[in-house]
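Enquirer: Let me begin by handing over the structure; questions about it come next.
The values are calculated or read from the model by the stated rules, or taken from the named source; none is laboratory data. Keep in mind that this is a model prediction, so the values were computed, not measured. Glycine also receives a Cβ, built like all others from the backbone with ideal geometry; neighbour counts cover every protein chain displayed.
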Ligand code: DHE
């Protein structure tokens, strides 16, 4: 078991799916000796444990740069100590946590003194070769063929199953379990309320048609080797015409036809960072679709740049690159949907973009490693419209004023800081019809905290939050981790759903809480719900309600 000293490190440590790829090895006599078998094993471990923080090319991301010019100077003994015991800056203690034995520590210390093997590129042609249209557009339904209340369907990530569950939010029945990419990550709903787009960490994109009698895949494509984000065009007149997927490797994004996933244009994100230093691996993190213009907003994580991509003319592609702050990760809109608020996580900041003017509006200092998901919008009794984020690094919840017209002096300032249960928070959520602000602490090392959530009363935020033991509601008998993750509302805003997330071979569940009474209402513990994490309500995702 891991000593979860740093929830941040644990979070970043999710395995990359590309360890099996053909890669070129380039040695130099200065580098410590390694057999090919040792090299291959170390490479695999690097993708499983290290790439998330240090980057595939080891140029440094949230973790330090580990290229041979640096590591050879440090030497094997120094590196071994670092790997074994970790650092207060967030490097895990791989030996003392029990994850690595002495031999593995030695192996990895030698490996990082070698030139990083470079994974292959992935071109438009490579993508097109993987594309499947299971049901061509002409053979798809022309109207809704089922009786489901589509707007209240939830798409649930079954992380380690490589599937999503479509759950009827009214009856709580599973409609279908749909095969998707490996370690499937997020779902985003098309603007028309019909197509659901899902992306896996292996960069497989699935297009699911919710009009079918039994909603299922109609098209699929692999757009790279590693990915996290997918979105579709939402501007009036352009609804679902263009889909976009961002990849971690290769560092690029692709624009596709919304209904067939045919790739049309690939754009690389490599280039200068905000300090005018070249970065070879700016991973694409969150992508949102502007409501003000026919544009996507694309977070290029390591360069700290937000690209506003005009999708109306793919030949004469127009892009505005906004210099913001480094390590852009997740984010969402304010309640008017004009401003995009996104975390620059390792900079401990929230960046605000005005999507109407295509300009940087503000950069705001918040607590340690903000992680808003899409954030939470509500009307503060004193400060008016606000947006909130919790974080991985500490217990603080930053409430930021978002109304430059009506509450000018509070706009883009932290107007209040709440004290949550602790660090390791991933998601925060409310709903326009609710008075509750829910905050999880999924990655907190204390199981009491990771299995419960804090709920604040928006009408009186001076009151301490109520703590609800969600895992206990699930009444799971085995000894799984039962980490509670990601509150998500139903369409009506009167229920909030939580995942109780255990390992693949353990029982997991979804707990539905009555938002008014804050009591557990329904437990979904169907055996097919393997490792549920993210949940995406169709209506709320379609309309960016959060
Ligand atoms: Fe996520 C969103 C990246 C680990 C659950 N995650 C995102 C987004 C990015 C991202 C860039 C924003 C996408 C967008 O809006 O377009 N996530 C990463 C990682 O790089 C990271 C840290 C490590 C990794 O190697 O993958 C990571 N994420 C996780 C998990 O371990 C989580 C908790 C469980 C899981 O399913 O893998 C997880 N991430 C989520 C969820 C969202 C998300 C549920 C969408 C939240 C929302 O409400 O929109």
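Enquirer: If I filter the stretch 24-49 down to residues being assigned to a helix (DSSP H, G or I) and touching a residue at least 40 places away in the same chain (Cβ under 8 Å), which single residue comes out as farthest from residue 201 (Cα to Cα)?
Expert: Out of the qualifying residues, it is 38.
Enquirer: Here's another thing I want to ask about it. Please specify each residue of the stretch 522-539 satisfying the condition of being more than 17 Å from the chain's Cα centre (by Cα) and within 16 Å of the ligand (Cβ to nearest atom).
Expert: Within the stretch 522-539, 529, 530, 538, 539 meet the criteria.
Enquirer: I've got another one for you. Restricting to the stretch 485-500, name every residue that is in contact with a helix residue (DSSP H, G or I) (Cβ under 8 Å, 6 or more places away or on another chain) and within 12 Å of the ligand (Cβ to nearest atom).
Expert: Start the filter on the stretch 485-500 by keeping residues that are in contact with a helix residue (DSSP H, G or I) (Cβ under 8 Å, 6 or more places away or on another chain), which leaves 488-492, 498, 500.
Listed by number, the residues that qualify are 488, 489, 498.
Table: residues versus (1) on the phi < 0 side of the Ramachandran plot; (2) touching a residue at least 40 places away in the same chain (Cβ under 8 Å); (3) surrounded by 20 or more Cβ atoms within 10 Å (Cβ to Cβ).
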| site | (1), (2), (3) |
| --- | --- |
| 397 | yes, yes, yes |
| 401 | yes, no, yes |
| 420 | yes, yes, yes |
| 436 | yes, yes, yes |
| 442 | yes, yes, yes |
| 467 | yes, yes, no |
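Enquirer: While we're looking at this one, here's another question. Identify the residue in the stretch 508-521 that is surrounded by fewer than 19 Cβ atoms within 10 Å (Cβ to Cβ) and in a loop (DSSP other than H, G, I, E, B) and, among all such residues, is farthest from the ligand (Cβ to nearest atom).
Expert: Residue satisfying both the conditions and the ranking: 517.
Enquirer: Taking residue 530 as the residue in question, decide whether it is at pLDDT 95 or above, touching a helix residue (DSSP H, G or I) at 6+ places or on another chain (Cβ under 6 Å), surrounded by 20 or more Cβ atoms within 10 Å (Cβ to Cβ) and within 20 Å of residue 422 (Cβ to Cβ).
Expert: Judged against the criteria, residue 530 is not a match.
Enquirer: If we scan the stretch 366-382, do we find a residue that is surrounded by fewer than 23 Cβ atoms within 10 Å (Cβ to Cβ), away from the ligand (no atom under 16 Å from the Cβ) and under 21 Å from the mean Cα position of the chain (by Cα)?
Expert: Scanning the stretch 366-382 turns up at least one residue that is surrounded by fewer than 23 Cβ atoms within 10 Å (Cβ to Cβ), away from the ligand (no atom under 16 Å from the Cβ) and under 21 Å from the mean Cα position of the chain (by Cα).
Enquirer: Any idea which of 128, 121, 77 is loosely packed, with under 15 Cβ neighbours inside 10 Å and in a loop (DSSP other than H, G, I, E, B)?
Expert: On the way: 128 fails: in a loop (DSSP other than H, G, I, E, B); 77 fails: in a loop (DSSP other than H, G, I, E, B).
Of the residues listed, the single one that is loosely packed, with under 15 Cβ neighbours inside 10 Å and in a loop (DSSP other than H, G, I, E, B) is 121.
Enquirer: Out of the residues in the stretch 50-72 that are part of a helix (DSSP H, G or I) and over 22 Å from the mean Cα position of the chain (by Cα), state the one that is surrounded by the most Cβ atoms within 10 Å (Cβ to Cβ).
Expert: Here the residue is 71.
Enquirer: Let me ask something additional. If only one of 390, 346 is within 19 Å of the chain's Cα centre (by Cα) and either at pLDDT 95 or above or over 29 Å from residue 270 (Cα atoms) (or both), which one is it?
Expert: Selected residue: 390, the only one of 390, 346 that is within 19 Å of the chain's Cα centre (by Cα) and either at pLDDT 95 or above or over 29 Å from residue 270 (Cα atoms) (or both).
Enquirer: Which of the residues belonging to the stretch 213-223 are assigned to a loop (DSSP other than H, G, I, E, B) and in contact with a helix residue (DSSP H, G or I) (Cβ under 8 Å, 6 or more places away or on another chain)?
Expert: If the condition is that a residue be assigned to a loop (DSSP other than H, G, I, E, B) and in contact with a helix residue (DSSP H, G or I) (Cβ under 8 Å, 6 or more places away or on another chain), then 223 is the only one that fits.
Enquirer: Can you work out which of the residues in the stretch 164-191 that are more than 23 Å from residue 233 (Cα to Cα) and within 12 Å of the ligand (Cβ to nearest atom) is surrounded by the fewest Cβ atoms within 10 Å (Cβ to Cβ)? Show your work before the answer.
Expert: Going through the stretch 164-191, the residues more than 23 Å from residue 233 (Cα to Cα) turn out to be 165, 167-179, 182-183.
Then drop every residue that is not within 12 Å of the ligand (Cβ to nearest atom), which leaves 182-183.
Working: 182: 16, 183: 20.
Only one residue tops the list, namely 182.
Enquirer: Would the stretch 255-264 turn up any residue that is under 20 Å from residue 201 (Cα atoms) and touching a helix residue (DSSP H, G or I) at 6+ places or on another chain (Cβ under 8 Å)?
Expert: Yes - at least one qualifying residue is present in the stretch 255-264.
Enquirer: Which pairs do you get when a residue that is touching a residue at least 60 places away in the same chain (Cβ under 8 Å), found in the stretch 67-82, comes within reach of a residue that is crowded, with 17+ Cβ neighbours inside 10 Å, reach meaning Cβ atoms under 8 angstrom, with the pair 6+ apart or on two chains?
Expert: Sorted first by the residue in the stretch 67-82, then by its partner, the list stays empty.
Enquirer: In the stretch 235-249, is there at least one residue being within 16 Å of the ligand (Cβ to nearest atom) and in a loop (DSSP other than H, G, I, E, B)?
Expert: no
Enquirer: Let me ask another. Do any residues in the stretch 175-189 that are over 15 Å from residue 18 (Cβ atoms) have Cβ atoms under 6 Å from those of residues that are assigned to a loop (DSSP other than H, G, I, E, B) and more than 12 Å from the ligand (Cβ to nearest atom), where the two are at least six apart or on different chains, and which pairs are they?
Expert: Every condition considered, the pairs that remain are 176/214; 176/215; 177/528.
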